[in-house]
Amino acid sequence: MGDDAADGSRLSGPSPAEPGTPTVGGGWPVIDGWAKASLSLQGPLLWRTLLHKSACLSCAWGTGGQNGGFSDELGEPLQRCLKSVEAISAELQAAVPERLFGQRNLSQLQELSSLEADRLGRLSQPLILRQGRSHYERIGWDDVFELTEAAFRVPPERLASYSSGRSSNEAAYLLQLLLRALGSNNLADCSDLCHAPSTVGLNEVFGSGTSMVSLESFKQADCVVLVGSNAPANHPRLMNELIQLRQRGGTVIVINPVLEVGLLKFGSPAFPIRSLLKGSSIASIFLQPVPGSDTAVFVGIQKALLEANQIRRDFLAAHAEGWEAVLEQARATPWEAITACCGLSREELAHAAAAIGRAKGVVFAWAMGITHHANGTTNVHAIANTALLSGNVGKPGAGTMPIRGHSNVQGFGSMGVTVKLRTELRQALEELLGRPLSPVPGYDTRALIEAADAGAVDTLLCLGGNLWGANPDSAEAKRALSRIDTVVYLATKPNQGHFHGLAARNTLVLPVFNRFETPHRTTTESGNNFVRLNEPGSTHLKGADLISEVAFLAELARRLLGTDPIDWGRLQDAAYVRELIGRTVPGYGPIAQIDASRQEFSVEGRLFNEPTFATPSGRARMEITPLPALELPKPEHFGGLAPDEAGVVLALITARSYGQHNTVVYKQGDQYRGMPHRNTILMNRADLARAGFRAHQRVTVQGEAGALENVEIIPGEIRSGAALMFYPEANAIIRAVIDSRSGTPAFKRVPVLVRAHQDRLGPDG
Ligand SMILES: Nc1nc2c(c(=O)[nH]1)N[C@H]1C(S)=C(S)[C@@H](COP(=O)(O)OP(=O)(O)OC[C@H]3O[C@@H](n4cnc5c(=O)[nH]c(N)nc54)[C@H](O)[C@@H]3O)O[C@H]1N2
Ligand SMILES: Nc1nc2c(c(=O)[nH]1)N[C@H]1C(S)=C(S)[C@@H](COP(=O)(O)OP(=O)(O)OC[C@H]3O[C@@H](n4cnc5c(=O)[nH]c(N)nc54)[C@H](O)[C@@H]3O)O[C@H]1N2
Ligand code: SF4
Ligand SMILES: [Mo]
């Protein structure tokens, strides 16, 4: 096999890139970004924050913590990336000028783009928008608590929360304890829109829903299969591991419909300058499948392993259940069905399977390209099956590894912020609260939107995030939120959700300390199951009236519940919250002593270095994975094309640009994909030709829930039949199709009609 993807494994025929697009991910723009940030007015403050002992705010790779700002979980230096700088810089902005909310009315605020909303600055005073008023006004904390307390005194089924994974474990634990003590299980969370299929799927197979691979174990792999992840942008320090893996002769198999430049070559500042500028090779094999077809890709790999006699039958017999049916599915599924579904050839799949079969330890890592599909959970099963059939679980250097998103999203799950509460935690919480938890199933994020839309929710507390911006069908999300009586947003910075996601009666926006400012210690959990301890800090905002999330939730709980059955007021003390976490959350025992020990730790029971799993029998439970049906609708589905109108129906991937964090846009363009602004659509040149479009032509992109106008076509390295646009803007046109097993929307395969005429309306128009 050749030593990079130019060996012919990118068989799908890349077209030449747009002139000026980089040929290396990371690289010079990264150094430039660091230099600009360091030399800015914020520079000294930025560096002080980077060195603060707390986990990086941005992704769940877990850089920072007690070792100091720049080390990873093994204490290795030079692991901070520019994304971290972007996130910190946004938090170090000055406060929103006091007069701004008096000057700008709602319609003016609603005109703001995501970037403009973020650039207003930091929230520094509590705000309220009252029914019928045109402006947000200042409100005092006493009134905030009185109003929120009253809003929480509703029947528990009509009370809900939504959360985003940037807050601490302590805040997350309090949030769920409060709701559950009040009798509500309505704990919607951003993970419902993210890795829920991984949690559900892995729990079904292994009895544990997180990665089974520690960073240490990851370093022992000699092959990594990276599926549906744009790690160069979203988990940049994972790239250091891939560079090192290639340097020690290992293989990286990338599976992605988009030929992301940073997955071919990546220049990391952690390596010598020559390698930074030229870039190190990443993909040894690059497979470019049809979006949504990963189950077929993995069944194909299984079939190739079977045909090459590389199935580990002894291992399966000893450590798995249901494997015979999975092997039978691989045997019985014809190659034609597999290749027709995924668009890859038998040779490509066999080539990848041979590399997997040859390797001593394979880590299968994935992100949103796997989960954001109507069959997201089945995709996860297909990956887990492949890992099991090839004997790549339950030993160091191998295993399944969902690459988690928000820096503490996994901690939220561990703390019980989920509608799928695990039995052990349920029992422990019932013991703590001295009564059974409500048996009424809770709303996950999509169910919450539907319930709100149906008028079944009175009060919603949002611990961070942007519920409006993160959901498909922005008009539906707006309408649903407008049917809730009171919405309370706790946030560090304003976002579009605070201006579009408005309640019927009162909308409150309450300013909180971020992680590195919080006046007490907090903890967070990385995607590698490593618990980080964050030291107290202070804010640069002068005269600001911020609150810690723990203080807010403990005070609200004290008002509502007093000392029944625990002393809620005492939970103001984060160390006491940690004591309760240590007592109730499985695997979290050491957290009770962490204030004294300062010992960060791996959550117990998650890392499988032996093939004994957390299922009742200790064996992995395998199940077959039906291939998805991936037909796209005809133009008529969208109202049809005019006789002379150019147009094509494509599978739209909605993804992040290189300059954003989720719904928050930091930079307009995406230079690595050659997309100069946000209102662009990345298309394959063959599709342009097929539809009769030219590069840079302006088109209408019509989805099932709406249309985006004046979108510029950018030809690029994406599989024919697929297109890519940026989230959150694209949510305006997406109808929610969800994976029924996990509740997660299919954000990565949205049927759209790309059409030339801009003046035609859709089926509803
Ligand atoms: N800088 C930065 N870092 C972040 C975030 C951020 O917004 N900015 N967000 C955080 C969060 S919450 C998350 S969840 C993660 C997201 O991290 P990613 O999952 O890497 O992010 P996405 O942009 O959604 O891109 C997913 C990748 O999947 C590919 N893909 C799309 N469809 C398919 C498919 O059908 N099959 C396969 N195999 N691949 C497909 C896309 O081409 C893209 O490269 O990043 C986290 N880190
Ligand atoms: N079309 C489409 N939609 C998607 C996706 C996609 O790929 N395509 N991705 C989905 C995914 S993976 C996710 S995770 C969701 C993300 O959805 P969310 O997590 O809801 O959204 P974010 O944009 O991360 O939320 C950012 C806001 O959090 C607040 N914030 C930041 N730090 C803190 C803090 O420390 N405390 C508090 N209280 N607030 C804070 C700030 O006000 C900031 O504006 O979006 C989902 N939606
Ligand atoms: S890789 Fe993730 S955790 Fe590490 S510095 Fe970058 S954004 Fe932060
Ligand atoms: Mo996410």
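The values are calculated or read from the model by the stated rules, or taken from the named source; none is laboratory data. Worth saying up front: this structure is predicted, and the values here are computed from it rather than measured. Every residue, glycine as well, gets a Cβ built from its backbone with ideal geometry; the counts of neighbours run over all protein chains shown.
Of all residues in the range 334-376 being part of a helix (DSSP H, G or I) and within 16 Å of ligand 4 (Cβ to nearest atom), which is farthest from Ala296 (Cα to Cα)?
Step one: of the range 334-376, the residues part of a helix (DSSP H, G or I) are 335-342, 346-358, 368-371, 376.
Cutting the leftovers down to within 16 Å of ligand 4 (Cβ to nearest atom) gives us 368-371, 376.
Values: Met368: 17, Gly369: 14, Ile370: 12, Thr371: 15, Gly376: 13 Å.
The selected residue is Met368.
Can you tell me which residue among Pro402, Pro439 is within 23 Å of Ser191 (Cβ to Cβ) and over 27 Å from the mean Cα position of the chain (by Cα)? Let's see the steps before the verdict.
Values: Pro402 fails: over 27 Å from the mean Cα position of the chain (by Cα).
Step by step, each of Pro402, Pro439 is checked, and only Pro439 is within 23 Å of Ser191 (Cβ to Cβ) and over 27 Å from the mean Cα position of the chain (by Cα).
Cβ contacts < 7 Å: first residue touching a residue at least 60 places away in the same chain (Cβ under 8 Å), restricted to the range 32-57; second residue of a type in the set (S, T, N, Q) and surrounded by fewer than 18 Cβ atoms within 10 Å (Cβ to Cβ), any location; separation 6+ or different chain. Result?
Lys53/Gln66
Please tell me if Gly465 is within 12 Å of ligand 2 (Cβ to nearest atom), in a loop (DSSP other than H, G, I, E, B), in contact with a helix residue (DSSP H, G or I) (Cβ under 8 Å, 6 or more places away or on another chain) and small (Gly, Ala, Ser). Write out each step before concluding.
On the way: within 12 Å of ligand 2 (Cβ to nearest atom): yes; in a loop (DSSP other than H, G, I, E, B): yes; in contact with a helix residue (DSSP H, G or I) (Cβ under 8 Å, 6 or more places away or on another chain): yes; small (Gly, Ala, Ser): yes.
Yes, satisfied.
With (1) outside any helix (DSSP H, G or I); (2) within 14 Å of ligand 4 (Cβ to nearest atom) as the list, and Asn185 as the residue in question, which single condition is left unmet?
(2)
Name the single residue that is surrounded by the fewest Cβ atoms within 10 Å (Cβ to Cβ) among those in the range 650-664 being away from ligand 2 (no atom under 11 Å from the Cβ) and aliphatic (A, V, I, L, M).
Ala651
Suppose we filter the range 395-417 for residues that are away from ligand 3 (no atom under 16 Å from the Cβ), closer than 22 Å to Gly369 by Cα and in a loop (DSSP other than H, G, I, E, B); how many remain?
Here the count works out to 1.
Among Val144, Val96, which is crowded, with 18+ Cβ neighbours inside 10 Å, among the β-branched types (Val, Ile, Thr) and either farther than 22 Å from Ser482 by Cα or touching a Gly at 6+ places or on another chain (Cβ under 6 Å) (or both)?
Details: Val144 fails: either farther than 22 Å from Ser482 by Cα or touching a Gly at 6+ places or on another chain (Cβ under 6 Å) (or both).
Being crowded, with 18+ Cβ neighbours inside 10 Å, among the β-branched types (Val, Ile, Thr) and either farther than 22 Å from Ser482 by Cα or touching a Gly at 6+ places or on another chain (Cβ under 6 Å) (or both) holds for just one of Val144, Val96, which is Val96.
Restricting attention to the range 41-89, which residues are among the aromatic types (Phe, Trp, Tyr) and either at pLDDT 90 or above or within 16 Å of ligand 2 (Cβ to nearest atom) (or both)? Can you show your working first?
Within the range 41-89, the subset among the aromatic types (Phe, Trp, Tyr) is 47, 61, 70.
The answer is Trp61, and nothing else.
Residue check: is Thr339 over 21 Å from Arg741 (Cα atoms), polar (S, T, N, Q) and out of contact with any strand residue (DSSP E or B) (no Cβ under 8 Å at 6 or more places or on another chain)?
Working: over 21 Å from Arg741 (Cα atoms): yes; polar (S, T, N, Q): yes; out of contact with any strand residue (DSSP E or B) (no Cβ under 8 Å at 6 or more places or on another chain): yes.
Judged against the criteria, Thr339 is a match.
Kindly check whether there is at least one residue in the range 63-75 that is touching a residue at least 40 places away in the same chain (Cβ under 8 Å), away from ligand 3 (no atom under 16 Å from the Cβ) and surrounded by 21 or more Cβ atoms within 10 Å (Cβ to Cβ). Break it down into steps so the answer makes sense when it comes.
Initially, the range 63-75 is screened for residues touching a residue at least 40 places away in the same chain (Cβ under 8 Å), giving 63-66, 72-74.
Next, from what is left, pick out any that are away from ligand 3 (no atom under 16 Å from the Cβ): none.
No; the residues of the range 63-75 include none that is touching a residue at least 40 places away in the same chain (Cβ under 8 Å), away from ligand 3 (no atom under 16 Å from the Cβ) and surrounded by 21 or more Cβ atoms within 10 Å (Cβ to Cβ).
Does the range 697-717 include one or more residues that are within 10 Å of ligand 1 (Cβ to nearest atom), in contact with an Asp or Glu (Cβ under 6 Å, 6 or more places away or on another chain) and not hydrophobic (A, V, I, L, M, F, W, C)?
no
Hey, could you check the range 289-333 for residues that are basic (Lys, Arg) and outside any loop (DSSP other than H, G, I, E, B) and say which is surrounded by the most Cβ atoms within 10 Å (Cβ to Cβ)? Can you show your working first?
Step one: list which residues in the range 289-333 are basic (Lys, Arg), which gives 303, 312-313, 331.
With the extra rule that they be outside any loop (DSSP other than H, G, I, E, B), the set shrinks to 303, 313, 331.
Values: Lys303: 23, Arg313: 13, Arg331: 11.
The residue in question is Lys303.
Among the candidates Glu98, Glu149, Glu157, which residue alone is more than 16 Å from ligand 2 (Cβ to nearest atom), closer than 30 Å to Gln427 by Cβ and in contact with a Lys or Arg (Cβ under 9 Å, 6 or more places away or on another chain)?
Numbers: Glu98 fails: closer than 30 Å to Gln427 by Cβ; Glu157 fails: in contact with a Lys or Arg (Cβ under 9 Å, 6 or more places away or on another chain).
Just one listed residue meets the conditions, Glu149.
What residue, of Leu641, Leu650, Leu688, is more than 10 Å from ligand 1 (Cβ to nearest atom) and either within 24 Å of Ser164 (Cβ to Cβ) or part of a loop (DSSP other than H, G, I, E, B) (or both)? Step through it out loud before you land on a result.
Details: Leu650 fails: either within 24 Å of Ser164 (Cβ to Cβ) or part of a loop (DSSP other than H, G, I, E, B) (or both); Leu688 fails: either within 24 Å of Ser164 (Cβ to Cβ) or part of a loop (DSSP other than H, G, I, E, B) (or both).
Criteria check complete, one pass: Leu641.
Would you point out which residue out of Ala94, Ala117 is under 24 Å from Thr539 (Cα atoms) and not assigned by TED's automatic domain parsing to the domain that holds Thr523?
On the way: Ala117 fails: not assigned by TED's automatic domain parsing to the domain that holds Thr523.
When all the criteria are applied, what remains is Ala94.
Of all strands (runs of 3 or more DSSP E) completely enclosed by the range 693-758, which ones contain at least 2 residues that are modelled with pLDDT of 95 or more and away from ligand 2 (no atom under 16 Å from the Cβ)?
Filter on the range 693-758 gives 698-702, 707-715, 750-755.
Here are some residues: Phe266, Phe271, Phe286. Which one is surrounded by fewer than 21 Cβ atoms within 10 Å (Cβ to Cβ), among the hydrophobic types (A, V, I, L, M, F, W, C) and outside any helix (DSSP H, G or I)? Let's see the steps before the verdict.
Values: Phe266 fails: surrounded by fewer than 21 Cβ atoms within 10 Å (Cβ to Cβ); Phe286 fails: surrounded by fewer than 21 Cβ atoms within 10 Å (Cβ to Cβ).
Within the list Phe266, Phe271, Phe286, the selection yields Phe271.
Before we move on, is Gly292 within 19 Å of the chain's Cα centre (by Cα) and more than 13 Å from Trp366 (Cβ to Cβ)? Steps first, please.
Working: within 19 Å of the chain's Cα centre (by Cα): yes; more than 13 Å from Trp366 (Cβ to Cβ): yes.
Here the answer is yes, as Gly292 does meet what is asked.
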